[in-house]
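The values are calculated or read from the model by the stated rules, or taken from the named source; none is laboratory data. Worth saying up front: this structure is predicted, and the values here are computed from it rather than measured. Cβ: placed from backbone, ideal geometry, glycine included. Neighbour counts: every protein chain shown. Protein only, heavy atoms only, side chains kept; ligands, DNA and RNA dropped before computing areas. Shrake-Rupley method; radii C 1.70, N 1.55, O 1.52, S 1.80 Å.
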Number of protein chains: 2
Amino acid sequence: MATLCENCPLRKQPLFVGMSESDVQTMQKFKVGELSVDPGTPLLIEGSNSPQLFTALRGMAIRYKTTADGRRQVVNFVFPGDFIGLQSGLMNEMSHSVEARSKMTLCVFNRSELFSFFKSHPERAFDITWLAAVEEHFLGEALTTVGQRTAKQSLAWALLRIFERGRMIGLVRNRAMDLPFRQQDIADALGLSLVHTNKTLGHLRESQLVNWSDGQLTINDTEKLAAVAGVETDLVPRRPLM
Amino acid sequence: MATLCENCPLRKQPLFVGMSESDVQTMQKFKVGELSVDPGTPLLIEGSNSPQLFTALRGMAIRYKTTADGRRQVVNFVFPGDFIGLQSGLMNEMSHSVEARSKMTLCVFNRSELFSFFKSHPERAFDITWLAAVEEHFLGEALTTVGQRTAKQSLAWALLRIFERGRMIGLVRNRAMDLPFRQQDIADALGLSLVHTNKTLGHLRESQLVNWSDGQLTINDTEKLAAVAGVETDLVPRRPLM
DNA sequence: CGCGTCGTTGATCCGGGTCAACGGTTGTGG
DNA sequence: CCACAACCGTTGACCCGGATCAACGACGCG
């Protein structure tokens, strides 16, 4: 049975900006159902045109693109609260695929209603655009990382971002959070080889900066890790929840 | 004296989706002025909160981020028809800087009117979000390039994208277009060193694939270049004009 | 028990970075 | 009118971070 938006556990998390009571009602009406999937399930395919949009409610996924010669770029990670399928809703075509990495539950919306939704709910339309801007912000940072930083800096940046995101949605308990991704996923996100990613991860572990093993990510001192990454501990920007 | 939206030379270009007569009137009312700048002029600064939004009418620019250790990532190039400053309008902070690379003319809009604009013109709000999705699409492709492709492929990809974009807005005459960027700009966009970019450019030139010199980019066979880049000659996606 | 997936580690190689020097052009001031 | 500096493109020599290749162990599953 589907979660009522009113009872949505995400809304309370510090990552998200407040929603008015009427926003909540609006989303409840827009929401047409809930979807549960197992790890490995493809949710959206690059180049396709899904009839549905999603908001991740529980679980994690990866967004990735595939090149002509078979290489893979992980473009972003999906966490609870992320909106999925916007491109398909606007440009009629996804520029990347989305694949679940853990068990997931997703809120489902109808793509065909998106335009009328924009007309009837301009504040929410504004928020959707805001989400797109947040995504653009992240991609710019990722591009800068892959283009300019060393493997060690990159890895520190990625794990720090993941961890901060997890913290903002209540996934971190006792300086640790569950992480269902594989090393290959991170490697493909950073444009590094699996082997080098593994070795660099080992170095970070030896330096007591990060411990990621058995599906658990532990970070004791985020400040120190940020220093290695070469970023100020600037926060993940707050955003609306759809 | 400012160009009237009605007479806007960009609207006719094949890159842009059609605007209704009322859309044109709407933009005319939203537009508060025009700005002309010389090469090198900063238009927006990373981290700042500009009171103005722009649409590039003539000329080119670069969007870039700077890392703590002083390196620079060029995140995208700005061509006529690009909308600038959306992030600042939504998140109150730019995630990158924008700097003119040629003489430019820009249409100016007031950031403070953006929200009411969303309420009164939902179709145009939809189009703004569409633009954000196009940007996301591009950044994903750029990330894939920097993360997965070789220097030669990257360079071919970048020059091809620039050229196709130029073609779609009428900048290409006789298989050539003006390009005010420096080699350093392209290098910083692709995460390559200037030296290696220069040498790779030389190779492409020898292979008769690309000739970029004296501020002119010439490409005779885009198909062949696309093959080198490892992309299908997929088009630059059409988009709205703000 | 055998097979597929994922993490780990060592050996070797190479694409591209870094360093250095030079030439052409433009602009500026004496 | 010329000296000089600043900027950009170009080219050669050398080196290193990370890719590639290869092999093995641990685990879960049919």
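Here is how the numbers come out for the structure above:
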{"read-out": "7 Å along Cα→Cβ, label-point gaps from B:Arg173 to other copies, nm, shortest first", "value": "6.9"}
{"read-out": "Kirkwood hydrodynamic radius of chain A, from inverse mean 1/r over distinct Cα pairs, in Å", "value": "18.7 Å"}
{"read-out": "Alpha carbon centroid spacing (whole Å) that separates segment A:179-220 from segment B:93-117", "value": "39 Å"}
{"read-out": "Label point 7 Å beyond Cα along the C-beta direction, distances from A:Ser112 to other copies (nm, shortest first)", "value": "4.4"}
{"read-out": "Relative contact order, percent, chain A [alpha-carbon distance under 8 Å, six or more residues apart]", "value": "24 percent"}
{"read-out": "From phi via Karplus (6.51, -1.76, 1.60), per-residue ³J(HN,Hα) for segment A:13-23 in Hz, x at Gly/Pro", "value": "5, x, 5, 9, 6, x, 10, 6, 4, 6, 4"}
{"read-out": "Most fluctuating residue given options B:Pro14, B:Pro42, B:Pro122, as computed from a GNM of chain B linking Cα atoms under 10 Å", "value": "B:Pro122"}
{"read-out": "Normalised contact order of segment B:128-242, rounded percent, pairs of Cα under 8 Å and 6 or more residues apart", "value": "35 percent"}
{"read-out": "Where A meets B: accessible area buried, both sides, 1.4 Å probe, Å²", "value": "4200 Å²"}
{"read-out": "Modelled label reach - B:Ser112, point 7 Å along Cα→Cβ, segment B:32-61 residues with backbone N closer than 17 Å", "value": "B:32-33, B:49-54"}
{"read-out": "Value at 222 nm in deg cm²/dmol, rounded to 500, when DSSP H runs of n ≥ 4 in chain B each add -39,500 (n - 2.57)", "value": "-12500 deg cm²/dmol"}
{"read-out": "Phi-based couplings in Hz for segment A:65-76 (Karplus 6.51, -1.76, 1.60; Gly and Pro marked x)", "value": "10, 10, 8, 4, 8, x, 6, 10, 10, 7, 8, 5"}
{"read-out": "Among A:Phe30, A:Phe83, A:Phe118, residue whose mean-square fluctuation peaks in a GNM of chain A (springs only between Cα atoms under 10 Å)", "value": "A:Phe118"}
{"read-out": "13 Å beta-carbon shell around B:Leu90, net charge (K/R +1, D/E -1)", "value": "-3"}
{"read-out": "Folded to 0 to 90 degrees: helix A:194-206 orientation relative to chain A principal axis, Cα", "value": "70 degrees"}
{"read-out": "Separation of the A:Asn49 and A:Glu206 label points, Cα + 7 Å toward Cβ, nm", "value": "5.4 nm"}
{"read-out": "Computed accessible area, B:Asp127, all protein chains, 1.4 angstrom probe, square angstrom", "value": "20 Å²"}
{"read-out": "FRET efficiency for B:Ser22 and A:Glu34, using Cβ-Cβ distance with R0 set to 51 Å, rounded to 0.05", "value": "0.85"}
{"read-out": "Cα-based convex hull, segment B:1-114, per residue volume (Å³, whole number)", "value": "104 Å³"}
{"read-out": "Pairwise FRET efficiency - A:Asn7 versus A:Leu194, Cβ, R0 = 41 Å, nearest 0.05", "value": "0.50"}
{"read-out": "For residues of A:114-125, the mean tally of beta carbons on other chains within 10 Å", "value": "4"}
{"read-out": "Exceeding the 18 Å Cα-Cα cut-off - candidates B:Lys12/B:Lys224; B:Lys152/B:Lys199; A:Lys152/A:Lys224; A:Lys119/B:Lys119; A:Lys152/A:Lys199; B:Lys152/B:Lys224", "value": "B:Lys12/B:Lys224"}
{"read-out": "Copies compared at B:Thr3 - label distances in nm, ascending, label defined 7 Å from Cα in the Cβ direction", "value": "4.8"}
{"read-out": "Integer Hz, Karplus 6.51/-1.76/1.60 couplings in order for segment B:45-51, x for Gly and Pro", "value": "10, 3, x, 8, 9, 6, x"}
{"read-out": "Solvent-accessible heavy-atom area per residue, rounded to whole Å², over chain B at 1.4 Å", "value": "41 Å²"}
{"read-out": "Percent accessible area from carbon and sulfur atoms, the protein assembly as shown, protein chains only, probe 1.4 Å", "value": "50 percent"}
{"read-out": "Listed residues B:Ala226, B:Ile84, A:Phe117: farthest to the positive end of the dipole of the protein assembly as shown (Cβ charges)", "value": "B:Ala226"}
{"read-out": "Most mobile listed residue (B:Arg124, B:Arg71, B:Arg167) in chain B, GNM with C-alpha springs under 10 Å", "value": "B:Arg71"}
{"read-out": "Peptide A:84-92, shielding by other chains (average Cβ, 10 Å cutoff)", "value": "4"}
